[in-house]
Every structure is written in C-alpha cells, then in structure tokens.
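One structure is given here, and the rest of the page talks about it.
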C-alpha cells in the first residue's frame, strides 16, 4: 500500500514534470511564433514609418526648395528693380548733363556766331581799306607821272627853274591830296559811326529782350483804413496832440479829411512812410492813442522796418548773385526798396540795371560779373540822407570807396550821369543800362504815357484800313490782332491788308524788336430751325 502510494506519487511527479516540460516546449514554440509575428509587425510598422518619414522629408525638402526658389526670385526681382532704378537715375543724370551741355553749346555757338559776324565786319572793312589804299597808290603813281609832265611843260612854258616848278607842283598836289584824304577819312568815319550805332542798337535790343521783369509805379501817398469816423477824432486827439505826436515821431504828414473810412499818409521818404503806416495800423488795432504809446509803437516799428531793410538788401544781393558785399552796403541797398524815382522803385531799378549791364558787357566780350556789380551799386547814393551834401553819384562813390569797392565800380557809380569822366568801359555800359531801365514802357509814369500812346497809335493804324472791324494791341505791343469783315474782304485781300498794315507800322512808328500783325477772317453760317 505504501509502495503503491510512493509509486503513484512518483508517477504524479513525473507527470507534472512532463507536463511542465511539455508546457515549456509549447510556451517556447508559441513565444517564438508570437515573437516572430510581433517582429514582422514591428518590421512592417518600421518600414511604414520609414516610408512615411522619407515621404515627409521629401515633402519638406520640396517645400523648402520652393521657398528658396521663391526667395531667390523675390531677391532677384528686388535687385532687378534696384538696378533699374539706378539705371534710370543714371539716365536722368545723363539727360540732365546732356541738357546742360546742349545749353552751353548753344551759348558757345551764339558767341562764336557773334565773333564770326564781328570778324566778317572787320574783314570787309579791312578789304575796303586795302582797296582804298590801292586806289591811293594808283592815284599817287598817276600824279607822279602828271607831276613829271607838268614839270617839263612848266619848265618849257614859264621858263621857271626846276626847283620853282617842283615847289609849285608839290603845293598843288598837296592841296588836292589833302582834300581827297579828308574826304576818304570822313567817309570811313561815317561808315564806322553808322556801323557802331547799328551794333549798339542791336546790343541794347538784345539786352531788353533777354531781360523781362514786372514794372510798377509807386506813389508818395498811402491810405490807412479806419473802422469808424470816431477813430479820426481819437487819432487827432485833444487839441491835435496825438496827430502832432505821430507826425513828429515818424516825419510823415497825416491827412485827416472828409473821406470816409480812410486817413492819408503822405511822405517822399518811403521808409518814414512805411513806419507811419504800420504804426497807425497798430495804434488803431490797439485802441490806445496817447503820445507816450505813440512813441513806443513808432520805435518798435522803426526797429522792425530796419530789419526789413537788411532783409531786402540781402535778398537783392542774392538775386543779383554778388559776393563779398560789405554789410553796410547791403543795408544801404535795402533802403532803396523804400525809395522811388518818378514812381519807379529804385531797388528794382538797380537790379534791372545790373542784369542789363551784364548782358551788354558780355555782348562786348567784357566781364559780365563786374558789369553786374557796377550796375547794381550805381544808385547807392540815393540811400543816403538829405543831410549829406552833393548829388547821389558823388555821395554813392564816396560811400562805396569806404568799404573797399574796386575803381571800376567807383567810376561807374560816380560817372553814370556824366558828372566825372569815364575811366573804364563799364561806366558807359551802366549809363546805357540805366537809360534802358528808366525808358522801358511802364517803368516810369512819363514812359507809361508814351507806351499807351504807342499802343493807341498801333490800333489806329490798323483801324484805318477798309474792311477792318476791330483791332487790339496785345503782348505789350508786340502783336496786333485785326478782325476784318468776312463779307467785304476775301482771303487774298486779308493777306494784302496784313502786309499793308505791317509796312505802314514800320514806316510811321519807332519800336524795339518786331511787331506781329495777325489778320483774322471768320465766316459764320447761322440758320434757325422752327
């Protein structure tokens, strides 16, 4: 029984071991199978992951490449635009340089043409003189032969000695030749004078045509508006003390009359007049009118006007383009902005004379910059006070001498009215430019009247022709527009009328430059629809 139990126990143990071994074998087999399955799955998943990563990397690489390509294209376009802008800027600079060169070439061409014309004139004159000299030589030879013949005849007829006959013949020949030489010299002088007059007229007309500026006539009387007539009484003040204080402080005449709404400020000194006008305006706006307040305002305005004087002088010097001008001369020229001569502003007149002098000097081959300085400073003596003795040319010359101006400039200032002899070419140039500026149409009141008279005469000549309906002088008298009756005058007759008007204007009028005659013929066909 016991052995059976042991045997059963051993069998059970052996069975358990067998089962365990069997289970272990089965487990190892199943683990191997399971591990192979899992390995296959992980391998497949790894391959898929690798494929996905490769695809993703490929997509990212393509995207990055596209970005790089777009960036490169954008940078290329920007660089291209920048290069095009630089090229365009260089083209503009080249065009500007080309324009400047063209302008300089035109100036050089005009100067060369002027020099060529001058050389041609000199050549013609030289040829003429050579011809005259040849004629004189031929005549001298003929006279020598005639002298020899006369000598022999006189010796034979009169019985005079050879020396006596020679002396008599020489006297006769000398008288005849003196008369002939005098005639020739007079002819050459007349031709040279006529040519010089023609050349000077051409130079002056060129100067006038090249310089264009507005001209205005100024008056010695200005008005100040007042808000009411009661203000007039306040301006006059008790027993006239306010108006006397204003006149004493400013040196101007204050006229309070029956004209409503204004008072009149009269003064030949434009600086004092400007101070008086501005002071009155401030006093009227302020409303406080008494002698003490009047003096304060006038002093303040005087300082401000002084600053304006300096500014006017600096602006004028800058406009004319002068250098190394003393501040005292700048201030004196600024005072001329408040001075008038026959209604013409003296500072604007000085600027005009400066440019006219430059143009004339350059036409003559002289220093245009020096001529411009002479013309600009020629009337500086008019800026001096009346306490200084002498005319404005002498005063201006002495004033400019104190501040180191050149001798040519001093002579132009002192001699532009002929008070002293001219020692340089620039003095007569300034005299001519001064006359041109003063005589231009509209520059002065007397010239304005003659200017209007010339325009009226131009229109009257056009209206005197048959068939002319209207005539208008335009462009400051440089053109006349003529309207004719289309029913009475045909196209061919219109050209004939234009020619006749132009010829009559040339014969009867004196004018600078040229005048264009434009004849207009208009036909209108009008019908009414009902």
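Every number here is computed from the coordinates shown, using simple stated rules; none is lab data. Bear in mind the structure is a predicted one, so any value in this text is a computation, not a measurement. Glycine gets a Cβ as well: all are built from the backbone with ideal geometry, and neighbour counts include every protein chain shown.
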So, R0 is 60 Å and r is the distance between the beta-carbons of residue 58 and residue 20; what FRET efficiency does that work out to, to 0.05? 0.65
So residue 148 and residue 241, fully extended at 0.36 nm per residue minus their Cα-Cα distance, gain in nm 23.2 nm
One would report the Cα pair-distance distribution of region 229-311, bin width 5 Å, in %, as 3, 16, 28, 27, 16, 7, 3, 1
Could you list log10 I(q)/I(0) for region 23-83 at q = 0.15, 0.27, 0.30 Å⁻¹, which the Debye formula gives when each Cα is one point scatterer? -0.67, -0.98, -1.04
What length, rounded to one decimal in nm, is gained on full extension from residue 41 through to residue 328, with 0.36 nm per residue of separation minus their alpha-carbon distance? 92.6 nm
Quick one: if you stick a label point 7 Å off each Cα along the C-beta vector at residue 496 and residue 406, how many nm between them? 6.1
Among 301, 262, what is the fewest-to-most ranking by other Cβ atoms within 10 Å? 262, 301
Largest first and to the nearest Å, give the Cα extent of region 451-521 along each principal axis. 34, 18, 18
I want to check the label-to-label distance for residue 290 and residue 487. Put each point 7 Å from Cα in the C-beta direction and report it in nm to one decimal. 8.0
Would you mind ranking 416, 312, 392 so that the residue whose beta carbon has the fewest other beta carbons within 10 Å leads the list? 312, 392, 416
Using 7 Å Cα-to-Cβ label points, what is the residue 66/residue 452 separation (nm, one decimal)? 8.5
Determine the principal axes of the Cα atoms in region 283-375, then give the extent along each, sorted from largest to smallest and rounded to whole angstroms. 62, 30, 16
Neighbour counts of other C-beta atoms within 10 Å: give me 349, 378, 127 arranged from fewest to most. 127, 349, 378
With N residues in region 329-439, what two-decimal value do you get for its Cα radius of gyration over 2.2 N^0.38 Å? 0.96
Assuming 0.36 nm per residue, please report the length gained on full extension of the stretch residue 366 to residue 33 beyond their Cα-Cα distance. 107.9 nm
In whole Å, largest first, what are the principal axis extents of the Cα atoms in region 370-429? 32, 22, 15
To the nearest 0.05, what FRET efficiency results for residue 118 and residue 508 with a Förster distance of 41 Å applied to their C-beta separation? 0.80
Given a Förster radius of 41 Å and the C-beta distance between residue 99 and residue 423 as r, what FRET efficiency does 1/(1 + (r/R0)^6) yield to the nearest 0.05? 0.50
